[in-house]
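Okay, structure first, notes after.
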Amino acid sequence: MIKNNYFKQGNQIFIFIDSEKHGCKAVIIDAEDIDKINEWDGVCIQATNRYKEGQNPSLYPLLYRYDKAEKRSYHKKLHLALGIQRPKGYVIDHIDNNTFNDAKANFQVITNAENIRKMHHYKKLVNV
């Protein structure tokens, strides 16, 4: 069972992540998906490898579990644990650009080219 604090509001669950490096974040999932993540120990934050000094990294929620017998940690991106699938050559896109909103209605499957165009358009809107 995850160790993070969380609460249910309507059909959604808000899971809280407290990170020294990235601050406090709330992850949103559909209430029906809580059983899919309760086999994990918790939810933490992963910064993408595109992080460069002076830039904001792209952050994603990541499930983790520690296996005491193997003395090893396991990690999995949250949306993959929820069963969100994509065909080869496609990516999972967060429609609202919030990588912490992992409600199923917030996902769409698009090509990598479409995702890049969307990111450039979003950056222009944010930097105005």
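The values are calculated or read from the model by the stated rules, or taken from the named source; none is laboratory data. No experiment lies behind these values; they were computed from the predicted model shown. Neighbour counts run over all protein chains shown; Cβ positions are idealised from the backbone, glycine included.
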Inset, instruction - Mind listing whichever residues of the stretch 6-22 are surrounded by 10 or more Cβ atoms within 10 Å (Cβ to Cβ) and either part of a strand (DSSP E or B) or in contact with a Leu (Cβ under 7 Å, 6 or more places away or on another chain) (or both)? - result: 6, 7, 8, 12, 13, 14, 15, 16, 17, 18, 19, 22
Inset, instruction - Hey, could you check the stretch 101-128 for residues that are among the basic types (Lys, Arg) and closer than 26 Å to residue 30 by Cα and say which is modelled with the highest pLDDT? - result: 104
Legend entry - Answer residue from the stretch 1-52, given it is among the small types (Gly, Ala, Ser) and under 12 Å from the mean Cα position of the chain (by Cα) and is modelled with the highest pLDDT among those: 26
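Conditions tested, residue by residue: (1) under 11 Å from the mean Cα position of the chain (by Cα); (2) buried (at least 16 other Cβ atoms within 10 Å of the Cβ); (3) at pLDDT 85 or above.
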position: 54; (1), (2), (3): no, no, no
position: 59; (1), (2), (3): yes, yes, no
position: 62; (1), (2), (3): yes, yes, yes
position: 72; (1), (2), (3): no, no, yes
position: 78; (1), (2), (3): yes, yes, yes
position: 91; (1), (2), (3): no, no, yes
